[in-house]
1. Can you tell me which residue within the stretch 290-317, out of those that are touching a Phe, Trp or Tyr at 6+ places or on another chain (Cβ under 8 Å) and at pLDDT 95 or above, is farthest from residue 180 (Cα to Cα)?
2. Quick check on the stretch 299-326: of everything there that is within 13 Å of residue 155 (Cα to Cα) and among the acidic types (Asp, Glu), which residue is least open to solvent (accessible area, probe 1.4 Å)?
3. Could you list all residues from the stretch 123-138 that are of a type outside the set (Val, Ile, Thr), open to solvent by less than 10 Å² (accessible area, probe 1.4 Å) and touching a Pro at 6+ places or on another chain (Cβ under 8 Å)?
4. Identify the single condition in (1) in contact with a helix residue (DSSP H, G or I) (Cβ under 8 Å, 6 or more places away or on another chain); (2) under 30 Å from residue 234 (Cβ atoms) that residue 137 does not satisfy, given that it satisfies every other one.
5. Can you pull out every residue in the stretch 144-155 that is in contact with a Gly (Cβ under 7 Å, 6 or more places away or on another chain), crowded, with 24+ Cβ neighbours inside 10 Å and either assigned to a loop (DSSP other than H, G, I, E, B) or not hydrophobic (A, V, I, L, M, F, W, C) (or both)?
6. Given the condition of a type in the set (Ser, Thr, Tyr) and in a helix (DSSP H, G or I), answer yes or no: does some residue in the stretch 294-311 qualify?
7. With the condition being modelled with pLDDT of 95 or more and either at negative phi or touching a Cys at 6+ places or on another chain (Cβ under 8 Å) (or both), I'd like the strands (runs of 3 or more DSSP E) fully within the stretch 1-91 carrying at least 1 qualifying residues.
Amino acid sequence: MKNRIRAAAALAATAVLALSACGGGDSGTTGSSTTLNIVGFAVPEAANKAIAAEWNKTEAGKGVKFQTSYGASGDQSRAVVAGLKADYVHFSVSSDVTRLVDANLVAKDWNAGPNKGIVSSSIVVLAVREGNPKGIKGWDDLIKPGVQIVTPNPASSGAARWNALAAWGHVTANGGTDAQATEFLTKLFANVVALPGSGRDATTSFLGGTGDVLLAYENEAILATQAGEKFDWVVPATTILIENPGAILVNADPKAKDWLNFVLSKEGQRQFALKGFRPIIEGVDTTGIEGAKDPANPFPAPEKLLTVSKDFESWSALSKKFFDEKEGIIVKVIAASGKAK
């Protein structure tokens, strides 16, 4: 159990694993000739495996097998454009699906449904050492001298982009200007001691002893706790709703639609919840979440919860403002810090 997080981190961005059909037990099932190719960012691998096991127990999913590839979200998106086979993609940020739309691999209306293309959600939290020896209570504590931060690299990782947006919003959503937010991000990245390629790699680095604070998905903190890791985490007063998109490719096997329907069902979202993700629909059972700080209230409401649509206009707009390779504010901040590879 304790090695599960570290073992998952060893997967390369394009490493492909065969996931056999789980459950059912019948030798001649209707989906026995179907293999779905799932390409995703590293963080939801355990949840997707659990969902697959449950779907295999249903008539629609009986006998279906999976080929899976997990890694940094941006890297995975670019790999699909470059030819990595995929029927269904599950990325950290919507802009990584947009790349596939632009390549005519995903339909333009992929996000037209009631869930707007989102299949899983979480929030940004501040993971700290057991007992919180640095006394971290919120964002402002991260820019104090001597605080060492681990966060993934926005150039490859969607998780990193969510982290940076949450930090930016801590300033601007509480009355600060863009200039003040830029100054805050500059101080924050000055304290960064590790900038791994993916959210999962960042978690592994922190659990291995690097840094005092890990900027992380709440579900990563819960999953690591489930695996026996000992640390704490803080939900900052201002954080952001992480919304992870999922999409079917235009040339996908027809079974991919059944898979997505199950992912969005109460049964599928229950499996997400059990791995620490916040359900995206109402009525999902959230009892028995192992590793949650408070099992009676596993997903507490933050004091101020930012969203892309409410606080950052859209992924298209924020991608240009913050993450443009040449002019993005956060890209420039990280480049000036000298921490990027």
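The values are calculated or read from the model by the stated rules, or taken from the named source; none is laboratory data. Computed from a predicted structure; not experimentally measured. Glycine gets a Cβ as well: all are built from the backbone with ideal geometry, and neighbour counts include every protein chain shown. Only protein heavy atoms, including side chains, enter the accessible area calculation; ligands, DNA and RNA are left aside. Shrake-Rupley method; radii C 1.70, N 1.55, O 1.52, S 1.80 Å.
1. Of everything passing the filter in the stretch 290-317, 292 is farthest from residue 180 (Cα to Cα).
2. If we take residues in the stretch 299-326 being within 13 Å of residue 155 (Cα to Cα) and among the acidic types (Asp, Glu), then 324 is least open to solvent (accessible area, probe 1.4 Å).
3. 126
4. (1)
5. Scanning the stretch 144-155 gives a single hit, 152.
6. For the stretch 294-311, residues of a type in the set (Ser, Thr, Tyr) and in a helix (DSSP H, G or I): present.
7. 35-41, 65-71, 88-90
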